[in-house]
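Chemist: Handing you a structure now.
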Amino acid sequence: MNLSTTIAGVTFPSCFMNAAGALCVTREELEALGRSAAGAIVTKSMTIEARHGNPEPRYYGFSGGSINSMGLPNLGYRAYAELIPQLKRFGKPVIASVAGLTEDDFPTIAELINVAQPDLIEVNLSCPNIPGKPQIGYDPDASERVLKKVRPKITVPMGVKLPPYFDPAHHQVMGTMLGRCGVDFLNLINSVGNGLVVDPERETVVIKPKGGFGGLGGRLIKPVALANVRAFYKFFGERMPIIGTGGVIDGGDAFEHFLCGASAVQVGTVLVEEGLDAFQRLEAELGAVLHRKGYRSIQDCRGRLKEL
Ligand code: ERO
């Protein structure tokens, strides 16, 4: 089965890739992604300075998914700028995920990273885990300022990783704003921010930072992710490629993302829990679903969700 896909003119050999944050901080992890069956190498969101991140424990997996408050551990943008040309030798697209602790960090990082020529740059406006820093993606004016500063600094396609929205009014406001900023693709969604998981036996929270509050991922967020993919797909139609992220545990979950309008999917929790072998399993499972349903490619089923 042909599981290749295209995002903003860039061809991916497989529609499955890691979500920024999952097994993609160090050189070793990024090279392992290069050798794996993943369709791309996505870097951890990078800041100006290298960061150790928040105190541990900061990730917790449970039956419903995961909660994390990693706090942006990363090597710093200069290190990723040096690594990217080497990562491109694996022959699959490299997506550089750019974050920042201030609005001005974003264009600074994007400009140098662009020199390294990743295939695409993803602007992460949705980190939920920096104490005292609200998610930029929940402020349309701040989001517009950042995107308009980044756009002229880069020559590769620019995408935006957004937090989940829970009201159609917010999809409209953000969609209208994104249409003014030269955005080439969307990644929907980042983790569902500031959830709380409780261990009732120990009567404790399960992660240390921020009193136990953290971003939720995995199985339990799939309906929220699908709703955001669908809402933005309906807003933009075919002209805005979407990477669906959230709740992809098996090939059937990926198929649901494609029906809602995604062109590719990213996996976070399942990758952390299962390791890189997850990619081959997901590809086999999706191939079987598409074959059983008579589709020959992802493009064949993309956006075809029926309403009642
Ligand atoms: O804590 C983090 O490093 C982090 N966790 C997430 O779930 N999403 C993020 O975007 C992120 C950091 C940018």
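Any read-out appearing in this document is the output of simple, stated calculations on the displayed coordinates, not a laboratory observation. This structure is a prediction, so every number in the text was calculated from the model and none was measured. Backbone-built Cβ (ideal geometry, glycine too); neighbour counts: all protein chains shown.
Chemist: Considering only Cα-Cα distances, which of the following residue pairs are longer than 27 Å: LYS88/LYS234; LYS44/LYS148; LYS149/LYS222; LYS222/LYS306?
Modeler: On the way: LYS88/LYS234 33 Å; LYS44/LYS148 22 Å; LYS149/LYS222 32 Å; LYS222/LYS306 18 Å.
In this structure, LYS88/LYS234; LYS149/LYS222 exceed 27 Å between Cα atoms.
Chemist: Taking Rh as the Kirkwood radius, which is the inverse of the mean 1/r over Cα pairs, what is the Rg/Rh value for the range 186-261?
Modeler: Details: Rg = 15.1 Å, Rh = 13.6 Å.
That ratio equals 1.11.
Chemist: Sticking with this structure for a sec: Could you calculate the contour length gain from ARG281 to SER4, that is, 0.36 nm times the residue separation minus the distance between their Cα atoms, to one decimal place in nm?
Modeler: Details: separation 277, 0.36 × 277 = 99.72 nm, distance 1.57 nm.
Taking ARG281 through SER4 to full extension adds about 98.1 nm, to one decimal.
Chemist: Just flag the chymotrypsin sites (Phe, Trp or Tyr not before Pro) in the range 160-192 sitting in loop per DSSP whose Cβ has no more than 16 other Cβ atoms within 10 Å.
Modeler: Numbers: sites: TYR165, PHE166, PHE185; in loops: TYR165, PHE166.
Passing sites in the range 160-192 are PHE166.
Chemist: Could you sort the peptides 19-29, 142-152 by per-residue average Cβ neighbour count (10 Å cutoff), highest mean leading? Walk me through the numbers on the way to the answer.
Modeler: Working: 19-29: 20.8, 142-152: 18.5.
Taking the mean over residues of other Cβ atoms within 10 Å, the ranking is 19-29, 142-152.
Chemist: When Lys and Arg each count +1 and Asp and Glu each count -1, what net charge do the other residues less than 12 Å away from GLU122, Cβ to Cβ, add up to?
Modeler: Values: positive: LYS44, LYS161; negative: ASP119, ASP184.
Within the 12 Å Cβ shell, the charges total 0.
Chemist: Using a cut-off of under 15 Å, list every residue of the range 126-170 whose amide N is near the label point 7 Å from the Cα of LYS234 along the Cα-to-beta-carbon line.
Modeler: Counting only backbone N, you get 165-170.
Chemist: Further, regarding this structure: For the chain, place one equal point scatterer on every Cα, skip the solvent, and apply the Debye formula. What is log10 of I(q)/I(0) at q = 0.06, 0.07, 0.12 Å⁻¹?
Modeler: With no solvent term, the Cα-only Debye profile gives -0.17, -0.23, -0.72.
Chemist: Most fluctuating residue of GLU111, GLU49, GLU274 in a GNM of the chain with Cα springs under 10 Å: which is it?
Modeler: Residue with maximal mean-square fluctuation among GLU111, GLU49, GLU274: GLU274.
Chemist: Could you state the number of Å between the C-alpha centres of the range 239-308 and the range 11-57?
Modeler: Each part's Cα centre sits 19 Å from the other's.
Chemist: For the range 140-192 and the range 59-91, compute the distance between their C-alpha centroids and round to whole Å.
Modeler: Each part reduced to its Cα centre gives a spacing of 21 Å.
Chemist: In nm, to one decimal, how far is the VAL198 label point from the ARG292 one, both placed 7 Å along Cα→Cβ?
Modeler: Each label point lies 7 Å from its Cα, and together they span 3.8 nm.
Chemist: On to the next question. Note the full-extension length gain between THR26 and SER63 as 0.36 nm times their separation in residues minus their Cα-Cα distance, in nm to one decimal. Could the numbers behind the result be given before it?
Modeler: Working: separation 37, 0.36 × 37 = 13.32 nm, distance 2.74 nm.
Additional length available on full extension: 10.6 nm.
Chemist: Rounded to the nearest 500 deg cm²/dmol, what is the calculated helix-only ellipticity per residue at 222 nm for the chain, with -39500 (n - 2.57) per DSSP H run of length n ≥ 4?
Modeler: On the way: 10 runs with 104 residues, N = 308.
Here the helix-only value at 222 nm equals -10000 deg cm²/dmol.
Chemist: Once you've got the GNM for the chain with C-alpha springs shorter than 10 Å, pick whichever of PRO134, PRO13, PRO118 has the biggest mean-square fluctuation.
Modeler: Most flexible of the set in this elastic network: PRO134.
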